[in-house]
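The values are calculated or read from the model by the stated rules, or taken from the named source; none is laboratory data. Given the structure is predicted, the values throughout are model-derived calculations rather than measurements. Here the Cβ is made from the backbone with ideal geometry for all residues, glycine too, and neighbour counts use every protein chain on show.
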Amino acid sequence: MSKTRDIKRRIRSVSNTMQLTKAMKMVSAAKMRRATDNIVAARPFAHNMRAVLRSLAARANAEVHPLLQITGNENVELLVVTGDKGLCGSFNTNINKTAHNFIKAEQRKGERVFDLHAVGKRGVDYFRRRNFTIHRAWIDVLRQVEYATAKEIARDMMDRYVTGELDAIYLVYNEFKSAISQHPVVERLLPIEPIVPAEDETAEDYIYEPGPEVLLDTLLRRHVEVQVYTALLESVAAEHGARMTAMDSASRNAGDLIDRLTLHMNRVRQAAITTEIIEVVSGAQALG
Amino acid sequence: MIPDKIELEIVTPERKVLSETVDSVVIPGAQGYLGVLPGHAPLLTGLMIGELSYVQDGKEHVLAVSQGYAEVLRGKVSVLAERCEKAEEIDVDRAEKSKQRAEEVLNRKDVPMDEFRRAELRIQRAIARIQAKSHGLG
């Protein structure tokens, strides 16, 4: 009899877990919706800025700007965006692996020094365990992604790029494709890809306050900030999406497990009853 | 042809603040406040921390903006600011407190340069908010 009781206990614990995963799935779904709203809200700004940047590039001499200069490739920094929490399937592992493989592949090409700028606890832990130098770790900033955070990260990197401390900066993050699919991408943040000047710009003659060069400088800086900001937003949405799918399949697995356990329990009970009947019958026969 | 209205659009990285058809706009440009009427020559200007106001149906509305830039086209003004709040959204108490804290930093003698600058910007933003609130509701 004690065996059925054990199985019952198991079932109860699995169904508790299932409740938990179900609740987490709902929470992640709601958070993901909010995160995607944020991505949509950030789009007009980025879009408009690119347009202005291109029309400005047609006028100001964009090629000489320090943020566009290729200085070398010895000192490279990676900005790795992961999540602070686990329980989201392969979300964090994928990013860490992508970043790690990228570093390995680049190092095979020649002597390069890498350091890291890590956002999210999972990435920080992963690379710290593997003895990478982490220039700065950002933990607990993803709950509420603020532009100011992105600005601070971008500022720090741009300053070190301009002084020549860094030669290139790459961005590694999860791109949000849809609720069920997200995939890691590596993008070059600095030097900035050359901006294609807009062509039909001769029609309008702008007044610039202050001059086009000064404006270009602030705009390019802002451009980098926005790129970091979008990456953070994408990553957060992707994280919630990944967690939602992970929790969904966990709930489904728990359901399957409960079914199997119930079946097993019934069988065991049946077997116990059968044995008892046989015992009674054979006892009666022995007496008769 | 000169249009008689301006499409005003204000966006921050976090959201679209407003998109309205208005009669005129005053922008806190990098080199001083400037008024924009319909048909203004194309212009691209940086923004300083300050108040942005516009007139719609004879009524003036005020917003507090911080750094960014504004693009003026014949019938359209797009403002891209890092932060922007409508007068009715501004929390004056918070602005006052932020101003006080920043003033304390400025009064200390041993502050590093970048912290000093940041405090200065904080004061400017706080003042812009307080003024925008009082002008916007006055």
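A quick yes/no check of all residues on (1) modelled with pLDDT under 90; (2) β-branched (Val, Ile, Thr):
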| position | (1), (2) |
| --- | --- |
| B:Lys86 | yes, no |
| B:Gln100 | no, no |
| B:Val105 | yes, yes |
| B:Val111 | yes, yes |
| B:Glu115 | yes, no |
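Scanning segment B:23-40 for residues that are among the β-branched types (Val, Ile, Thr), crowded, with 19+ Cβ neighbours inside 10 Å and more than 11 Å from chain A (Cβ to nearest Cβ) gives B:Val25, B:Val36. Within segment A:171-185, if we keep just the residues that are surrounded by fewer than 14 Cβ atoms within 10 Å (Cβ to Cβ) and part of a strand (DSSP E or B), the residue that is nearest to the chain's Cα centre (by Cα) turns out to be A:His183. The number of residues in segment B:41-90 being in a loop (DSSP other than H, G, I, E, B), crowded, with 20+ Cβ neighbours inside 10 Å and either facing chain A (nearest Cβ under 8 Å) or out of contact with any helix residue (DSSP H, G or I) (no Cβ under 6 Å at 6 or more places or on another chain) (or both) comes to 1.
Could you check segment B:4-22 and list, in sequence order, the residues that are of a type in the set (Lys, Arg) and facing chain A (nearest Cβ under 10 Å)?
Of the residues in segment B:4-22, the ones of a type in the set (Lys, Arg) are B:5, B:15-16.
Across segment B:4-22, the qualifying residues are B:Arg15, B:Lys16.
Of the listed requirements (1) within 14 Å of chain B (Cβ to nearest Cβ); (2) assigned to a helix (DSSP H, G or I), A:Asp205 misses just one: (2).
Scanning segment A:54-108 for residues that are closer than 24 Å to A:Pro191 by Cβ, free of Cβ contacts under 8 Å to residues at least 40 places away in the same chain and of a type outside the set (Val, Ile, Thr), we see that the one that is farthest from the other protein chains (Cβ to nearest Cβ) is A:Arg108. Taking first residues from segment B:28-41 that are more than 16 Å from B:Leu73 (Cβ to Cβ) and partners that are part of a strand (DSSP E or B) and small (Gly, Ala, Ser), the Cβ contacts under 6 Å between residues at least 6 apart in sequence or on separate chains come to B:Pro28/B:Gly50; B:Ala30/B:Gly46.
Checked against (1) more than 30 Å from B:Arg15 (Cα to Cα); (2) surrounded by 14 or more Cβ atoms within 10 Å (Cβ to Cβ), A:Asn131 passes all but a single condition, namely (2). The residue pairs whose first member lies in segment A:34-47 and is in the same structural domain as A:Arg222 (by TED's automatic domain parsing), whose second member is among the charged types (D, E, K, R) and surrounded by fewer than 20 Cβ atoms within 10 Å (Cβ to Cβ), and whose beta carbons are closer than 7 Å, counting only pairs six or more residues apart or on different chains, are A:Ala41/B:Glu14; A:Ala41/B:Arg15; A:Ala41/B:Lys16; A:Ala42/B:Glu14; A:Pro44/B:Lys16. The set of residues in segment A:134-163 that are part of a loop (DSSP other than H, G, I, E, B) and over 21 Å from the mean Cα position of the chain (by Cα) contains only A:Thr163.
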